[in-house]
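Asker: I have a structure I would like to understand better, so I am pasting it below and will then ask my questions one at a time.
The values are calculated or read from the model by the stated rules, or taken from the named source; none is laboratory data. The model shown is predicted, which means the values in this text are computed figures rather than measured ones. Positions of Cβ are generated from backbone atoms using ideal geometry, with glycine treated the same way; all protein chains shown enter the neighbour counts.
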Amino acid sequence: MKNIKNIIFDLGGVLIDWNPKYVYREVFKTEEKVDWFLNNICVSEWNIQQDAGRTLKEGTEIKVKEHPEWEKEIRLFYDRWEDMLGDAIEETVSIFKYFSDHKDYKVYALTNWSHETFPVALDRFSFLQRFDGILVSGEEKLIKPDSAIYKLMMEKYKLIPEQCIFIDDNKDNITGARGVGLHAFHFSSAAKLRNDLNSILELDIA
């Protein structure tokens with residue numbers, strides 16, 4: 001892949017650790033109860049609507065109306081959202097920094113993230129300032145894996161899909177990216193990503 005000029009990273013789960021269990025493990029006594037709550041009440045399909053541009057307040061009120069018996073626990077989701085934000089995933093950040101320092105590549109981020117909470121990440125993680133561009137789903141009211149968000153990314157930053165590698169930990173998002181012509185790689189670990197990129201791009205990322 002000698003024509004690759006751009007590396008596009010997902011953020012949550014690839015470069016930044018985020019997990020609602022960090023909060024709900026303090027609320028419920030067992031891991032089973034934590035899993036039940038997140039699989040049945042504050043489900044990912046609900047949270048992703050906030051990533052798509054719905055306000056946190058509106059999303060919270062909708063969920064409280066659905067499950068009034070869980071109101072206190074539901075309100076914690078965004079009241080304590082910052083406590084769900086973990087550390088940078090340093091092994092992957094080192095790969096990102098390799099490309100951000102490399103004269104032959106530009107680096108971008110394409111993330112499903114609420115426009116209301118993303119400023120918290122910008123304040124907390126200084127490496128985010130090193131991207132050549134970041135597209136946040138909540139700001140655009142589009143969301144991966146909708147093909148429209150990848151096309152917007154290409155248009156906004158004047159990128160050619162065949163010249164981009166996209167990295168994401170969600171397989172559906174990988175499928176969506178490939179559907180519009182990007183080279184896309186499913187992230188499972190920093191070590192595997194490093195090996196794959198070294199092999200594909202004939203690099204020596206340490």
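Asker: Does ILE167 satisfy being of a type in the set (A, V, I, L, M, F, W, C), touching a residue at least 40 places away in the same chain (Cβ under 8 Å) and closer than 18 Å to ASN112 by Cα?
Answerer: Judged against the criteria, ILE167 is a match.
Asker: So, one more: Determine whether ASP132 is over 14 Å from the mean Cα position of the chain (by Cα), modelled with pLDDT of 95 or more, of a type outside the set (Lys, Arg) and not assigned by TED's automatic domain parsing to the domain that holds GLU45.
Answerer: yes
Asker: Go through the stretch 59-79 residue by residue and tally those that are within 22 Å of the chain's Cα centre (by Cα) and surrounded by fewer than 15 Cβ atoms within 10 Å (Cβ to Cβ).
Answerer: Total satisfying the criteria: 1.
Asker: Restricting attention to helices (runs of 4 or more DSSP H) lying wholly within the stretch 26-109, give those where 3 or more residues are in contact with a strand residue (DSSP E or B) (Cβ under 9 Å, 6 or more places away or on another chain) and within 25 Å of PHE185 (Cβ to Cβ).
Answerer: Details: elements: 31-40, 44-51, 56-66, 71-79, 81-84, 90-101.
Output list reads 90-101.
Asker: Give me the helices (runs of 4 or more DSSP H) completely within the stretch 114-206, filtered to those with at least 2 residues that are surrounded by fewer than 16 Cβ atoms within 10 Å (Cβ to Cβ), ordered by residue number.
Answerer: Values: elements: 118-124, 137-140, 147-157, 171-179, 190-201.
In the stretch 114-206, the matching helices (runs of 4 or more DSSP H) lie at 118-124, 147-157, 171-179, 190-201.
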